[in-house]
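The next block holds one structure in the form of structure tokens; read it before the comments.
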Amino acid sequence: MSTAQPDYDYHNYLRMTELTMHRLLRRQLKKAGIDEATREQMKPFLEMVNEAYRGNDNDIKHLENIIEKSSQELFKANQLLKEDVQQKTLELDAANKRYETVASNIKEILFQLDQDGKFSYLNSAWTLLTGLEPEESLGKSFATIKSYINEEHEILIDSIAEGLKSEVSEVLKFKSYTGSEGWIEVSAKKVYNDQKEYTGIIGTLTNITKIKETELALKAARDQAEKASKAKDEFLSTMSHEIRTPLNAIVGISNLLLMNDILPDQMENLEGLKFSSEHLLSLINDILDFSKIESGKIEFDASEFSIHDFLLGMRKNYSYSAEEKGLLFKVKKDEELPEVLIGDITRLSQVVSNLIGNAIKFTSEGGVILDVEVMKKSKDKATIKFEIKDTGIGIPENKIDKIFEKFAQAESNTTREYGGTGLGLPICQKLLDLQGSKLNVSSVQGQGSKFWFELEFGISERFNLSTTKYIDLKPSFGAINGMVVLVAEDNKMNIRVARQFLDKWGVDFDIVLNGQEAVDQVTKRDYDLVLMDLQMPVMNGYDATRNIRAMDGPVGDIPILALTASTTITVRKEAQSVGMNDYIMKPFNPKDLYQSLKYYYDKKTTLSSE
Ligand code: ADP
């Protein structure tokens, strides 16, 4: 604003000033009693103040505008918030109602306890157990449920009421107010607020009577089934023993008679008798084996064995039967084969023998090859393929799958022509299956068949296991002069058969009827070997062996061979664990018995002559 004198008349100027002067300034000038003259003098200053007042007015107006706008926005926001709260309240009410409907319709009791273990919430299921309305129990201690729960759980209930456990889940027996009994599952959990302060417990009580009853019924059914299966096993094992004992005699006696000089037509009858009894025996063994495999009761051994001895045994065993049919039998060995493997030689032998037996049986011209190949080899494991190939009758393509079914044979006249039970292949397949392997076959009718499988074995660090006792399998049954054997056996027929074999081979022997007599007898004479039956009255073969092994001097080391009708590993292992050297299967096979006697006698005489 200019401080220069205005170029218009004074009164007019004054009027203008009056009009343009800010009312507050005017009021203050008036209040202060400042006259016109002074005002005139202060004019430039007053004009500045006037200007400032006006500016202030503008600022206030601007601020008022802003405030007005903000308060409008605030109002709007408030309105929205209110609506939102209303909406949320409605939703919460609906949710609460829903929850209440659910909570009051479920069969589980839902409860909430405060810090003092008193009910602060209960749903209506509470009435089912106690007959009380939830309201009647609110504020009362959780321990009141003791009157419905079996006494033995009192401590648990107190510990929940006292908030001693952070989480509980237990099944308790209950008796409701109506007298109905059952099982209830109590689950409870401590709860904490945001400040991590303990505020009480929430939990459920669930009636699980139906589930528990089903569980008990299932358990009873399972126990019953186990009992039945045990009874079946016992029946099978008793039957097997009962059937094998007379069969033992039949096979033994027909073997004995065949060793005599007999007339040709008698020979034919005897061979028929021998064939039938051996067939019956293999049928019993197969059926027993199959039932054992099917009930999952089969165990696999993991012992060291010489694969070379095994193959040598196979070669010697089957060359003889092949030769009898005018066939060639060859064993092809991979050079990579380790010396000593770890695995179940009995089961391997069972599968391979079965396949070679079939190959020879179903071949009338040409031959059979057992080809053994190492497929994979690491430091301690080897996968070995066994292939059995023949030039026999072959299997029609449409019968290939059928031959793996139990009691199935490719042709209906197979049993009549070739014998057999139709159980061999299913057993082989199951045995391999249980060891994670598979039996494969390929065949062309009229040209021959090929069966093969692969098995993994451990490789032993031992280089040689000189366990072989395979000797020439066309035994001449020459006399084993000088050998003295003790036979401990209680079965009369078995004694008779053993006696006649031993007599024939010039073996001197004594017979005792139980384990105790065997223990007494071994000290009375210098025996080269003991043939020990396992099941005998007074004292069994295991205990008798333990007693003999505990004796001082050479008698404690006498070779003891178990006589057993059982093929199980458990029996063999137990026999081994009490200190028996080997076992002889009953019914006696003259070949096996002769070989074993000769092996141990030769061993002893060689040792003593060295
Ligand atoms: P089994 O030999 O006791 O009859 P298997 O289960 O061992 O029972 O064999 C089932 C059937 O498979 C035999 O009856 C035969 O028809 C057929 N078979 C098995 N091996 C051969 C083979 N090497 N050559 C021809 N047929 C075979």
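The values are calculated or read from the model by the stated rules, or taken from the named source; none is laboratory data. Computed from a predicted structure; not experimentally measured. A quick note on method: Cβ atoms are made from the backbone with ideal geometry, for glycine too, and the neighbour counts reach across all protein chains shown. Calculation scope for accessible area: heavy atoms of the full protein, side chains included, ligands and nucleic acids excluded. Shrake-Rupley method; radii C 1.70, N 1.55, O 1.52, S 1.80 Å.
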If we ask which residues in the range 257-282 are over 47 Å from the mean Cα position of the chain (by Cα), in a helix (DSSP H, G or I) and under 17 Å from Pro590 (Cβ atoms), their number turns out to be 5
Please verify whether the range 220-232 includes one or more residues that are among the polar types (S, T, N, Q) and surrounded by 16 or more Cβ atoms within 10 Å (Cβ to Cβ). no
Name the residues in the range 323-347 that are at pLDDT 90 or above and open to solvent by less than 50 Å² (accessible area, probe 1.4 Å), would you? Leu327, Phe329, Val331, Asp334, Leu337, Pro338, Leu341, Gly343
In the range 534-546, the residues that are part of a helix (DSSP H, G or I) and buried (at least 18 other Cβ atoms within 10 Å of the Cβ): Gly541, Tyr542, Ala544, Thr545
From Leu563, Leu531, grab the single residue that is surrounded by 14 or more Cβ atoms within 10 Å (Cβ to Cβ) and over 25 Å from Leu348 (Cα atoms). Leu531
Scan the range 575-591 for residues that are in a loop (DSSP other than H, G, I, E, B) and under 20 Å from Ile284 (Cβ atoms) and report the count. 4
Within the range 504-531, work out how many residues are in a helix (DSSP H, G or I) and touching a residue at least 60 places away in the same chain (Cβ under 8 Å). 1
Would you mind listing the helices (runs of 4 or more DSSP H) fully within the range 106-221 where at least 3 residues are at pLDDT below 90 and touching a strand residue (DSSP E or B) at 6+ places or on another chain (Cβ under 8 Å)? 154-161
Would you pick out the residues in the range 185-203 that are within 19 Å of Leu122 (Cβ to Cβ), touching a residue at least 12 places away in the same chain (Cβ under 8 Å) and open to solvent by 40 Å² or more (accessible area, probe 1.4 Å)? Glu185, Lys189, Lys190, Thr199, Ile202
Quick one: which residue in Leu341, Leu355, Leu370, Leu312 is touching a strand residue (DSSP E or B) at 6+ places or on another chain (Cβ under 9 Å), in contact (Cβ under 8 Å) with a residue 60 or more places away in the chain and within 14 Å of Phe451 (Cβ to Cβ)? Leu355
Within the range 374-393, which residues are within 8 Å of the ligand (Cβ to nearest atom), open to solvent by 10 Å² or more (accessible area, probe 1.4 Å) and not in a strand (DSSP E or B)? Ile393
Residues of the range 277-286 satisfying the condition of being open to solvent by 70 Å² or more (accessible area, probe 1.4 Å) and at pLDDT below 75: Glu278
Please state which of the following conditions Glu167 fails to meet, knowing it meets all the rest: (1) over 30 Å from Gln535 (Cα atoms); (2) under 31 Å from the mean Cα position of the chain (by Cα); (3) surrounded by 12 or more Cβ atoms within 10 Å (Cβ to Cβ). (3)
Taking Ala249 and the conditions (1) open to solvent by 50 Å² or more (accessible area, probe 1.4 Å); (2) not in a strand (DSSP E or B), which numbered condition does it fall short on, given that it satisfies the others? (1)
Sort out which residues of the range 483-503 are farther than 19 Å from Pro587 by Cα and without any contact (Cβ under 8 Å) to a residue 60 or more places away in the chain, and write them in order of number. Val484
Among the residues of the range 52-102, write down those that are acidic (Asp, Glu) and in contact (Cβ under 8 Å) with a residue 24 or more places away in the chain. Asp57
Which residue pairs have Cβ atoms closer than 7 Å, lie 6 or more positions apart in sequence or on different chains, and pair a first residue in the range 375-388 that is under 14 Å from Asn440 (Cβ atoms) with a second residue that is outside any strand (DSSP E or B)? Phe386/Val352; Ile388/Leu355; Ile388/Ile356; Ile388/Ala359
Since Glu336 meets every condition but one in (1) part of a loop (DSSP other than H, G, I, E, B); (2) touching a helix residue (DSSP H, G or I) at 6+ places or on another chain (Cβ under 9 Å), which condition does it not meet? (2)
Lys399 vs (1) within 8 Å of the ligand (Cβ to nearest atom); (2) in contact (Cβ under 8 Å) with a residue 24 or more places away in the chain: all pass except (2)
Among the residues of the range 17-73, which ones are open to solvent by 50 Å² or more (accessible area, probe 1.4 Å) and not in a helix (DSSP H, G or I)? Gly33, Asp35, Met42
Residues being open to solvent by 10 Å² or more (accessible area, probe 1.4 Å), away from the ligand (no atom under 13 Å from the Cβ) and part of a helix (DSSP H, G or I) - total across the range 348-373: 1
Are there any pairs with C-beta distances below 9 angstrom linking a residue in the range 417-428 that is over 15 Å from Lys292 (Cβ atoms) and open to solvent by 10 Å² or more (accessible area, probe 1.4 Å) to a residue that is more than 6 Å from the ligand (Cβ to nearest atom) and at pLDDT below 65, with the two at least 6 apart or on different chains, and if so which? Thr421/Thr415; Gly422/Thr415
